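Take a look at the structure set out below.
What follows is calculated from the coordinates using simple rules that are stated; it is not laboratory data. None of these values were measured; they are calculated from a predicted model.
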Amino acid sequence: MFGHQIKEMEEKLKNCEAQKELTALRHKLELLEEEKKECSIRCFKAEQEVKDLQFIVEKQKKLQADVNPPTAPPPPPPPLPPSATEPASNPLSSLLALIRKRRNISKDILLVDQESAKVSGIHLSI
């Protein structure tokens with residue numbers, strides 16, 4: 001009999017300890033859930049603040065662009081005129097230079113018809 005009562009008491013004690021541990025764990029769970037809720041609220045508020053600040057920054061950029069429009073880069077400098085010492089790279093320029101040199105020799109340039117090898121009567125006056 002006495003051994004049976006000891007076992008019952010031990011069982012009650014175990015249940016009592018398990019109940020206390022279970023109660024403590026439930027209380028801890030409630031605290032953690034409350035903390036999670038507060039963190040979620042802070043996170044939501046922070047995200048909203050970030051969106052608001054991004055909107056304000058974009059608005060300020062637009063206002064600044066309206067007040068100070070971006071300046072266009074300066075146009076490139078005009079090309080330098082060819083120097084007299086450089087050889088002419090343009091065949092047309094070379095031809096005109098030759099014609100100008102020959103101008104002193106003759107005022108008229110005769111055109112030759114290559115098929116008949118005759119001198120035609122067409123003269124170009126320069």
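Can you give the extra length, in nm with one decimal, that the chain gains between Asn15 and Phe55 once fully stretched, where that is 0.36 nm per residue apart less the Cα-Cα distance?
That pair, Asn15 and Phe55, stretches by 8.5 nm at full extension.
Pairs of lysine in the range 1-69 with Cα under 22 Å and at least 8 positions apart or on different chains: total?
Qualifying lysine pairs in the range 1-69: 13.
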